[in-house]
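Student: My questions all concern the structure below.
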Amino acid sequence: MAFTRTAVLVKPDGLQRGLIGEIISRFERKGLKLVALKMVNMTDEMLSEWYAEHKDKSFFGDLKSFMGSLPIVAMAWEGIDVVPVVRKLVGTTLGREAEAGSIRGDFGMSQQYNLIHASSSESDAEREIAIVFEKDEVLGYNSALDGVVYADYER
Ligand code: CMP
């Protein structure tokens, strides 16, 4: 089975709400491996690229100004099937309908202020990681957890 990567952003509302540690902790406890982490002021250019699929939506301008209003915390996480695993931990877009137990379900009420972004596919993850991280900022390593989180036949 292949280890893959996904991009996560803790959005400005997540930073303001003091949820950085809680969010990192949830991914760590799940058994995912953190391979990149930094705070970023997202520029309009970065956000236009990041949210290219939403460029014709009515909320595009609001979304970009919200995402550029404060630093975000960008991360890359690694694991088997990490894209769908992280999306499940994050929950559906609208906080007040998101499943209890998910990050949005436990901490959010809003659609725009939904705390966190998670890549929706492996190709999006690669594209998104390249927007916020230089190649040498994404650090692969052997984790002591690798042999405990996964059975040998899975790795
Ligand atoms: P996410 O799914 O991470 O990526 C697109 C973001 O656009 C979404 O989270 C919300 O933050 C935001 N969004 C989606 N729909 C709306 C909407 N109708 N109005 C404002 N923001 C939205």
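Student: Looking at (1) more than 10 Å from the ligand (Cβ to nearest atom); (2) in contact with a Phe, Trp or Tyr (Cβ under 8 Å, 6 or more places away or on another chain), which is the only condition residue 54 fails?
Tutor: Only one criterion is unmet by residue 54, namely (1).
Student: Right, another one. For the stretch 140-155, give me each residue that is under 12 Å from residue 80 (Cβ atoms) and either under 23 Å from the mean Cα position of the chain (by Cα) or surrounded by 10 or more Cβ atoms within 10 Å (Cβ to Cβ) (or both).
Tutor: Within the stretch 140-155, 146, 149, 150, 155 meet the criteria.
Student: Take residue 104 and tell me if it is surrounded by fewer than 19 Cβ atoms within 10 Å (Cβ to Cβ), near the ligand (Cβ under 10 Å from one of its atoms), in contact (Cβ under 8 Å) with a residue 12 or more places away in the chain and under 16 Å from the mean Cα position of the chain (by Cα).
Tutor: no
Student: Also, quick follow-up: Give me the pairs, please: first residue somewhere in the stretch 50-71 and in contact (Cβ under 8 Å) with a residue 24 or more places away in the chain and under 16 Å from residue 40 (Cα atoms), second residue anywhere and more than 10 Å from the ligand (Cβ to nearest atom) and assigned to a loop (DSSP other than H, G, I, E, B), beta-carbon distance under 6 Å, and either six or more positions apart or on two chains.
Tutor: As it stands, the answer is 67/42; 68/42; 71/41, since those pairs meet every condition given.
Student: So, in the stretch 100-139, exactly how many residues are closer than 15 Å to residue 38 by Cα, part of a helix (DSSP H, G or I) and not basic (Lys, Arg)?
Tutor: Step one: filter the stretch 100-139 for residues closer than 15 Å to residue 38 by Cα, giving 116-117, 128-139.
Restricting the remaining residues to those that are part of a helix (DSSP H, G or I) gives 128-132, 135-137.
Still in the running and not basic (Lys, Arg): 128-132, 136-137.
Total meeting the criteria: 7.
Student: For the stretch 26-33, check the following and say yes or no: at least one residue is under 30 Å from residue 80 (Cβ atoms), more than 10 Å from the ligand (Cβ to nearest atom) and either of a type in the set (Ser, Thr, Tyr) or loosely packed, with under 13 Cβ neighbours inside 10 Å (or both). Write out each step before concluding.
Tutor: Here is the first cut: in the stretch 26-33, the ones under 30 Å from residue 80 (Cβ atoms) are 26-33.
Add one more test, that the residue is more than 10 Å from the ligand (Cβ to nearest atom), and what stays is 26-33.
Filter again for either of a type in the set (Ser, Thr, Tyr) or loosely packed, with under 13 Cβ neighbours inside 10 Å (or both), leaving 29.
Within the stretch 26-33, one or more residues are under 30 Å from residue 80 (Cβ atoms), more than 10 Å from the ligand (Cβ to nearest atom) and either of a type in the set (Ser, Thr, Tyr) or loosely packed, with under 13 Cβ neighbours inside 10 Å (or both).
Values in this text are rule-based calculations from the coordinates and carry no lab data. Just so we're clear, the structure is a prediction, and the values are computed from it rather than from any experiment. Glycine gets a Cβ as well: all are built from the backbone with ideal geometry, and neighbour counts include every protein chain shown.
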